[in-house]
Each structure stands twice: as C-alpha cells, then as structure tokens.
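Structure, as structure tokens:
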Amino acid sequence: MIKLTNVTMQYAASSRPALDELSLEVEKEEFAFLIGPSGSGKSTFFRLLLKEDKPTKGEVHVGAFHVNALRNRDVPKLRQSIGCVFQDFRLLQQKTVADNVAFALEVIGKPASTIREAVPQTLEYVGLSGKADRMPHELSGGEMQRVAIARAVVNRPALLLADEPTGNLDPDTSEEIVEVLDRVNRGGTTVVMATHDRHIVDAMRRRVLEFDNGKLVRNDEHGVYGIG
Ligand code: ADP
Ligand code: ADP
C-alpha cells in the first residue's frame, strides 16, 4: 500500500534532512503505528504520501500511484484515495455533523442520492447515530473525532492517515477512538496512525514503525511502544 525507497526530504540545503534515506513498506490492510519524538519526520512522511511536498530524492508509491511521477491534474485522485484525521479534528464549525460528512462527498462530485445513503450509514458505523443534526460545538472531543473519522472514510479510501488522533482526548475516549479506527481497518482500509500514546500501542500490538532523526530505527510486526 505504501512503499518508500531511499527517500530523503531536505527542506533547506543547510539543515539536516527531515527524512534521511528512508525505505519502508506498509502492506495493504495493515494497521501501523508511527512513533518517534517530535521532529523525527512523521508529518513529513504523511505530506510526501499526499504529494503536499516533493522528496529531494527517492521514490514514493501509494497504492497504484507512483507519487513522484504523478501529474498535477492527477493529484486529486491520489488524495481521494487517502483519508486524513488530525489531532485537532478540523471540522467545519458552521455545518452540522451530517453536513460535515456530506461535504466530503459533495466536493468530489458524488450525486445527492449517494450522499443521502452514505452519510447516515457512515455516522452509524462510527457510533454517531442520533447526532446527525448537532453542531460541532455541541459535541464532546471524542464525538468530534468520530465525525472527523466518518468524513475521512465516507468515500471508502484505501488508506487512512491519522496524525495523533487521540492527542486531545482522555485515555478512555482515546481507547474508543482507536476501536473505531480498528473497525475501519478490519473493513479493509490500511491505517497508519502517528501517536505518542504508549498504552494504545502496547494494547494493540500492531506494526510499529519508529522514526528518529528522519530514519526508520525500528520496524516490528507486533510491536510495543518501547523505552523511547
Ligand atoms: P514530526 O511530525 O515527527 O514532529 P516533522 O516531519 O514535522 O516531524 O519534522 C521533521 C523535521 O523537518 C524537523 O526538523 C522540522 O523542523 C523540519 N520541518 C518540518 N516541516 C518543515 C518545513 N515546512 N520547512 C522546514 N523544515 C521543516
Ligand atoms: P464490521 O466488520 O465492523 O461489522 P463491516 O465492514 O461489516 O463492519 O460493515 C458494517 C456496516 O458498516 C455495513 O453497513 C457497511 O456498509 C458499513 N461500513 C463499512 N465500512 C464503512 C465505511 N468506511 N464507511 C461507511 N460505512 C461503512
């Protein structure tokens, strides 16, 4: 699903590279945790997958996309195949829960009939039945993150990138959110989750990719958070 080959990303000629000759693979339908200290290159990795940045050198493949060679007009197709969830939820505050999820389908031109069917189904899927008409500010943090996940998966992406999705949530709520991500993964979506939450990583025992200074320093199939 993801394949990086000798990828270096250097933002400025004078600085050390954010990613340094990085090679790694994530298989289709895997759930992988991305760990490592702040500044180790996790966000840069996500940006390269989305073609928000271009590597200084090396090859990036995501699904059937050779990201390096992708023409500008094909970048939206790449991005439509990747759902994204963030620590700060990034909901549209003026739209209801249902409209936040519907908007993700509207912007890619899905017909109204598809949207009418998919939105309630996806809200139920993430555990938000009954909240469709609420505004984001009426929700708990965990509910907001469920809306963000619904929006990210409503188009059934092949890959879901979650950048510290539990970073603003208490431990019990974090566990519930990871259960939702696990359900999405079991439905066939590859999930990569950047996190600092050792309890979640240790409880899940999924692939652990550890970055340090832009290098992959650990790749364990059923990993724990470790001493880091
Ligand atoms: P993480 O997500 O693990 O905290 P980042 O990918 O954000 O790490 O950062 C890796 C390195 O790249 C850091 O040294 C950071 O300062 C640098 N960096 C990240 N984004 C930029 C940018 N847009 N311009 C210059 N340097 C950047
Ligand atoms: P589980 O194995 O957790 O029960 P399934 O994949 O069998 O999940 O799906 C259960 C229900 O959720 C079905 O109605 C299915 O269409 C719906 N569903 C599954 N994945 C998604 C998704 N990414 N977005 C919206 N609905 C989904």
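Taking the mean number of other Cβ atoms within 10 Å as a proxy for protection, how do you rank 17-23, 143-149, 35-41, 128-134 from highest to lowest?
Highest mean packing first, the order is 143-149, 17-23, 35-41, 128-134.
With both labels modelled 7 Å from their Cα along Cα-to-Cβ, the residue 196 to residue 156 distance reads 3.8 nm.
What number, rounded to the nearest 500 deg cm²/dmol, is the helix-based mean residue ellipticity at 222 nm of the chain, given -39500 (n - 2.57) per DSSP H run of at least four residues and division by all its residues? Don't skip to the answer; put the middle values down first.
On the way: 7 runs with 74 residues, N = 228.
Dividing the helical sum by the residues of the chain leaves -9500 deg cm²/dmol.
Would you give the gap between the C-alpha center of the stretch 1-18 and the C-alpha center of the stretch 114-176, rounded to a whole Å? About 32 Å separates the Cα centre of the stretch 1-18 from the one of the stretch 114-176. For the stretch 73-90, putting each phi into the Karplus relation 6.51 cos²θ - 1.76 cosθ + 1.60 with θ = phi - 60° gives couplings of 6, 9, 4, x, 5, 4, 5, 5, 8, 10, x, 10, 10, 10, 4, 9, 6, 6 Hz, in residue order, rounded to whole numbers and with x for Gly and Pro. With a simple spin-label model that places each label point 7 Å from the Cα along the Cα-to-Cβ direction, the separation between residue 106 and residue 28 comes to 3.4 nm.
Taking only the C-alpha atoms of the chain, Rg followed by Dmax gives 17.5, 53 Å.
Once you've got the Cα coordinates, tell me which of 42/110; 3/28; 51/95; 54/77; 57/215 are over 22 Å apart. Display every interim value, and only then the final one.
Working: 42/110 32 Å; 3/28 11 Å; 51/95 28 Å; 54/77 17 Å; 57/215 14 Å.
Pairs exceeding the cut-off: 42/110; 51/95.
Counting only Cβ charges, +1 for Lys and Arg and -1 for Asp and Glu, the dipole size of the chain around its Cα centre is about 920 debye. Projecting the Cα atoms of 152, 87, 11 onto the dipole axis of the chain, where Lys and Arg carry +1 and Asp and Glu carry -1 at the beta carbon, places 11 farthest toward the positive end.
Rolling a 1.4 Å probe across the protein heavy atoms gives the chain an accessible surface of 49 Å² per residue. Using R0 = 22 Å, the C-beta based FRET efficiency linking residue 213 and residue 52 works out to 0.55.
If you take the beta carbon distance between residue 68 and residue 220 as r and set R0 to 30 Å, what does 1/(1 + (r/R0)^6) give as a FRET efficiency, to the nearest 0.05?
Working: r = 28 Å, r/R0 = 0.94.
The value I calculate is 0.60.
What's the carbon and sulfur percent of the chain's accessible surface, probe 1.4 angstrom, rounded to a whole number?
Numbers: 5270 of 11150 Å².
So the carbon and sulfur contribution to the accessible surface is 47 percent.
Quick one: Cα convex hull volume of the stretch 165-228, Å³ per residue? Display every interim value, and only then the final one.
On the way: hull volume 6.0 nm³, N = 64.
Convex hull of Cα atoms, per residue: 94 Å³.
Would you list 66, 222 from the most to the least accessible area, probe 1.4 Å? Walk me through the numbers before you get to the answer.
Numbers: 66 65, 222 115 Å².
Ranking 66, 222 by accessible area, largest first, yields 222, 66.
Extension gain, residue 59 to residue 135: 0.36 nm times the residue separation minus the Cα-Cα distance gives 23.1 nm. Ranked by solvent-accessible area (1.4 Å probe, protein heavy atoms only, all chains present), the residues 96, 114 order from largest to smallest as 114, 96.
The values are calculated or read from the model by the stated rules, or taken from the named source; none is laboratory data. The shown structure was predicted, so the numbers you read here are calculated from the model rather than taken from an experiment. Using ideal geometry, Cβ is built from the backbone for each residue, glycine included, and neighbour counts are taken over all protein chains shown. Side chains are part of the model used for accessible areas, which takes the heavy atoms of the whole protein and leaves out ligands, DNA and RNA. Shrake-Rupley method; radii C 1.70, N 1.55, O 1.52, S 1.80 Å.
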